[in-house]
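Below you'll find the structure, written out as C-alpha cells, and then a few comments.
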C-alpha cells in the first residue's frame with residue numbers, strides 16, 4: 001500500500017488514545033464505534049457480528065501485547081483500520097498469555113479480494129519490532145500514531 005492509501009485507511013478519526021474498556025468484546029465495540037463515528041460503517045450490527053464471528057473461529061490476540069480483530073463484512077464500503085491502546089492491558093486470548101495493550105481493528109468490504117490479509121500481514125510484520133510498539137505507546141496524538149503506521153507499513 002502506498003502512503004495515500006494508508007492515510008485514508010487509518011484516518012486520524014479512527015485513532016483513540018483514551019483508555020479502552022477492560023473486556024475484549026467491549027474493546028472491539030470501542031474500535032467499531034470509532035469507525036461508525038468516522039462514517040466508515042454502513043451497518044454496525046453486521047460489522048460487529050462479523051468481528052465476533054471471526055473471534056469465535058480463533059483469537060485475534062497475536063501475542064506481544066497486540067490484538068488485531070478483523071473481518072470481511074457487508075457492514076463497510078471501504079477498507080478501514082482503527083486503533084486504540086491500553087495502559088492496563090486486556091485479555092485477548094493470546095497464545096503467550098500476555099494481555100494486549102495495542103489494538104488495531106481491520107474491516108474490509110465483503111466483496112474485496114484479500115485486502116485485509118495484505119493489511120494484516122504488513123501490520124503484523126511491523127508490530128513484531130519492539131521499537132514500533134514502543135513508538136505507538138509513546139505517541140501523544142492521533143496524528144503521530146497515523147505517521148508511525150504509515151512509516152512502518154508503507
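The values are calculated or read from the model by the stated rules, or taken from the named source; none is laboratory data. Bear in mind the structure is a predicted one, so any value in this text is a computation, not a measurement. Counting neighbours? That spans all protein chains shown, and the Cβs are built from the backbone with ideal geometry, glycine included.
Laid out as a table, the results:
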| item | result |
| --- | --- |
| Some residue of the range 44-57 being crowded, with 20+ Cβ neighbours inside 10 Å and not in a helix (DSSP H, G or I) | no |
| All positions within the range 71-98 that are assigned to a loop (DSSP other than H, G, I, E, B) and either more than 16 Å from the chain's Cα centre (by Cα) or closer than 24 Å to residue 117 by Cβ (or both) | 74, 75, 77, 78, 79, 92, 93, 94, 95, 96, 97, 98 |
| For residue 33: the one exception among (1) farther than 18 Å from residue 153 by Cβ; (2) surrounded by 21 or more Cβ atoms within 10 Å (Cβ to Cβ) | (2) |
| Answer from 73, 60 - the residue that is without any contact (Cβ under 8 Å) to a residue 40 or more places away in the chain, within 14 Å of residue 90 (Cα to Cα) and surrounded by 20 or more Cβ atoms within 10 Å (Cβ to Cβ) | 60 |
| Failed condition for residue 132, given (1) assigned to a loop (DSSP other than H, G, I, E, B); (2) modelled with pLDDT of 95 or more | (1) |
